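Asks: Take a look at this one; I'll ask things after.
The values are calculated or read from the model by the stated rules, or taken from the named source; none is laboratory data. Because the structure is a prediction, the values reported are computed rather than measured. Please note: Cβ atoms are built from the backbone with ideal geometry, for glycine as well, and neighbour counts cover all protein chains shown. Only protein heavy atoms, including side chains, enter the accessible area calculation; ligands, DNA and RNA are left aside. Shrake-Rupley method; radii C 1.70, N 1.55, O 1.52, S 1.80 Å.
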Amino acid sequence: MIELKNLSRQFGEMWAVRDLNLTINKGEFCVLVGTSGCGKSTTLRMINRLIEHSAGEIHIDGQPVRGFREDLLRRRIGYVIQHVGLFPHWTVARNIGLVPRLLGWEPERIAARVDELMALLGMSAERFSGKYPRQLSGGQAQRVGVARALAADPEILLMDEPFGALDPLTRDGLQEELLSLHHRLNKTIVFVTHDMDEALRLADRLVVMHEGQIRQQGRPIELLREPVDEFVESLLGGNSRGLKEAALTPVAQRLCHAEMTSGVPDIDANKTLRDALSLMLWHRVDCLNVVEGSESLGTLRLADVVTARAPMGTTRGLSS
Amino acid sequence: MSRLRGLTVPLVWLGLLLAACVGMDQLEPVFRWLEPSSRSVIYARADFLSLLGKHVLVVSVAGALSIIIGVGASIAVTRQWGRDFLPLVAQVAAIGQTFPPVAVLALAVPVLGFGTLPVIVALLLYGLLPIVRNTLAGLQGVSADVREAARGMGMRPHQRLWRVEMPLAASVIVAGIRTSVTISIATAAIGATMGASNLGDPIISGIVNGNTAHVLQGALLIALLALCVDSLFAWLQSGRSGL
């Protein structure tokens, strides 16, 4: 568990972060979003003390971070940055094994761990372990970056816009893999991004920051439905929030007709309502067959997509 | 093995250099043709090998000191605690580079007198500049992302310096040392005017006595020494450029 209490950071006269309170539970995927200069990166980097806080406290599992020697603290926290920062004079295997080596692991144990991580990230150890960073594509380099951060099996992973420099297709694939890694490994992840689609897709807890403070936090769907003010509303996409919400809702959740319809396209039950809408628009139909693998589950009608069970609480509607 | 094969070129130059030192007498007919009227055509006041030894010694001592001081100062001013002195050191290095070496030697004599010492000091001061400039460029050329990652992974300051920054800056630093040492080999010859005995002796005495053969003998040996050392550095750099 990470607790930030009345956290502040001042650069000269300016407050980068001011009086921020946030609790991130163990195993939670917490995404900090906001415009440039809102203090999200500063907040992240204060957790592993790359930036020291000016006031307030940071506790990890109840212990203040200032109680650790900084390098020892950082070896316990995985860290991934946008431009990866692999060491160009080291091979992939050596890059991944850095933190275990700093911790004084036996060479055999490090080698085994490196192989395990490369397998975990879908990279063939045989093909990649001897390569140098300049021989990797952007996506491969960031996989190595993530493997390096996970090497000593830290409880916490800090990620500062890790996919910001990748092409959309690679980014999409890595987001998918990160989600599945998170489910398997149950790490606490703190992730900074300014890409709202990425934030909505990944977050268990979404934290919207503005001018060094938290404007709103909660589950993505809650923020979409009930933004506290116009800033949060516009950051979350304004009038396109409908589609963003659709992108968070699986088709299976709206499936209520068991019978099959003939002559309409299929959609996988794991896809989202956004995909369903897109298919309907493309094929100019108003219903789809929902399938899971080769098994048919029923029909999804346009009305099912549009009219949901009434959401909880008061709703801020889209302005017309 | 291919790494060692790169040593062929420096070894060839070294062989030629030693052969020229030992066998200069064999070239007497050539020098006699150049200088038919002189009494002695082969410089004989001192043995070429011992002049070479002294030359190498002076350059090595001055070079080693420049490396220690130059690299040390550059490392210091690129650390967090020494950052305040970075502009000062960078500017001194830039200004110093515009000073001709002869002027440095001329200025050193009144302070340190004649002999080997002022030559070492002059070479040291002049040799500092390319080293400082290149070490600073090399260390500052390490990308911010790499440095950020090194800190973020929990490397201690000395680990970041010796395992990341220095290896990445090495080829640029070696290039600076190469320039510095090569210039020193040539500049040291001027030291002969200040009573330091080295391969500059035949040149200076040849100029004073109007004996072109002596000038050529000194120049030939200095050129061979410079080529030998320079190719040795080229070999060192080629081992690093794969990074």
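Asks: Based on the Cβ-Cβ distance of B:Q140 and A:Q135, what FRET efficiency does E = 1/(1 + (r/R0)^6) give at R0 = 25 Å, to the nearest 0.05?
Replies: E(calc), rounded to 0.05, equals 0.45.
Asks: Give me the dipole magnitude in Debye, nearest 20, for the protein assembly as shown about the Cα centre, with unit charges on the beta carbon: positive for Lys and Arg, negative for Asp and Glu.
Replies: 1320 debye
Asks: Calculate, for B:A64 and A:E295, the FRET efficiency according to 1/(1 + (r/R0)^6) with r their C-beta to C-beta distance and R0 56 Å; round to the nearest 0.05.
Replies: Computed FRET efficiency for B:A64 and A:E295: 0.10.
Asks: Note down the net charge around A:L7, summing +1 for each Lys or Arg and -1 for each Asp or Glu among other residues with Cβ under 15 Å from its Cβ.
Replies: Summing Lys/Arg as +1 and Asp/Glu as -1 gives +2.
Asks: Still on this model: Give me the accessible area of A:R94, 1.4 Å probe, in Å² rounded to the nearest 10.
Replies: 110 Å²
Asks: In Å², rounded to the nearest 100, what is the total accessible surface buried by chains B and A against each other with a 1.4 Å probe?
Replies: Summing both chains' loss of accessible area gives about 1900 Å².
Asks: Tell me the mean residue ellipticity at 222 nm calculated for chain B from its helices only (DSSP H runs of n ≥ 4, each -39500 (n - 2.57), averaged over every residue, nearest 500).
Replies: It lands at -24000 deg cm²/dmol.
Asks: Give the angle, between 0 and 90 degrees and rounded to the nearest 10, that separates the Cα long axis of helix A:107-120 from the longest principal axis of the Cα atoms of chain A.
Replies: Tilt of helix A:107-120: around 20 degrees.
Asks: Size of the dipole of the range B:2-240 about the Cα centre, Lys and Arg at +1 and Asp and Glu at -1 on the beta carbon, nothing else charged, in debye to 20?
Replies: About 760 debye.
Asks: Pull up the cross-link candidates among the lysines for A:K40, meaning alpha carbon to alpha carbon under 17 Å and not fewer than 8 places away within one chain.
Replies: Within the straight-line cut-off, A:K40 pairs with A:K5.
Asks: Then there's this: Roll a 1.4 Å probe over the protein chains and send me the accessible area per residue for the range B:2-240 in Å².
Replies: The answer is 48 Å² per residue.
Asks: Once neighbouring chains are kept in place and the probe is 1.4 Å, which whole percent of the accessible area of the protein assembly as shown is contributed by carbon and sulfur?
Replies: 59 percent
Asks: Considering the options B:P101, B:A122, B:G141, tell which one lies farthest towards the positive end of the dipole of the range B:34-174, charges being +1 on Lys and Arg and -1 on Asp and Glu at the Cβ, about the Cα centre.
Replies: Sorting the options by dipole projection puts first B:G141.
Asks: Same structure, new question: Quick one: grab the alpha carbon gyration tensor of the range A:81-222, order the square roots of its eigenvalues as a ≥ b ≥ c, and give me rounded if a/c is under 1.5, else prolate or oblate depending on whether a/b is larger than b/c.
Replies: Note, shape of the range A:81-222 comes out prolate.
Asks: Let me ask something else about it. Mind checking the angle between helix A:273-283 and chain A's longest principal axis? C-alpha axes, 0 to 90 degrees, to the nearest 10.
Replies: 50 degrees
Asks: Round to the nearest 10 and give me the degree value, 0 to 90, for the angle of helix A:138-150's Cα axis relative to the longest principal axis of chain A.
Replies: Approximately 60 degrees, to the nearest 10.
Asks: Using a 1.4 Å probe on protein heavy atoms, which residues of the range A:80-102 have at least 10 Å² less accessible area in the complex than alone?
Replies: A:I81, A:H83, A:G85, A:F87, A:P88, A:H89, A:W90, A:L98, A:V99, A:R101, A:L102
Asks: Rounded to the nearest 500, what is the 222 nm mean residue ellipticity of chain A from helices alone, with -39500 (n - 2.57) per DSSP H run of 4+ residues and division by all residues?
Replies: Value at 222 nm, helices only: -10000 deg cm²/dmol.
Asks: Can you give the accessible area per residue of the range A:2-238, in Å², using a 1.4 Å probe?
Replies: Value for the range A:2-238: 41 Å² per residue.
Asks: Just to confirm a number: summing +1 for Lys and Arg and -1 for Asp and Glu over residues other than A:I189 whose beta-carbon lies under 10 angstrom from that of A:I189, what do you get?
Replies: Values: positive: A:K187; negative: A:E28, A:D204.
That works out to -1.
Asks: Also, quick follow-up: Please compute the net charge surrounding A:I51, taking Lys and Arg as +1 and Asp and Glu as -1 over other residues with Cβ under 10 Å from its Cβ.
Replies: +2
Asks: Between B:Q91 and B:L49, what length comes free when the chain is fully extended (0.36 nm per residue of separation minus the Cα-Cα distance, one decimal in nm)? Don't skip to the end; give the middle numbers.
Replies: Details: separation 42, 0.36 × 42 = 15.12 nm, distance 4.01 nm.
Using 0.36 nm per residue and subtracting the Cα-Cα distance, I get 11.1 nm.
Asks: Taking a virtual spin label 7 Å from the Cα of A:M260 along the C-beta vector, which residues in the range A:273-294 bring their backbone nitrogen under 16 Å of it?
Replies: What the label zone holds, given the 16 Å backbone N cut-off, is A:288-294.
Asks: If you don't mind, there's one more thing I want to ask. Quickly work out the B:V208-to-B:V22 label distance, labels modelled 7 Å from Cα along the C-beta direction, and quote it in nm with one decimal.
Replies: About 3.1 nm, to one decimal.
Asks: Further question: Does any residue of the range B:127-161 lose at least 10 Å² of accessible area with all protein chains in place compared with its chain alone, and if so which ones (probe 1.4 Å)?
Replies: When all protein chains are present, B:D145, B:V146, B:E148, B:A149, B:R151, B:G152, B:M153, B:G154, B:M155, B:R156, B:Q159 each give up 10 Å² or more of accessible surface.
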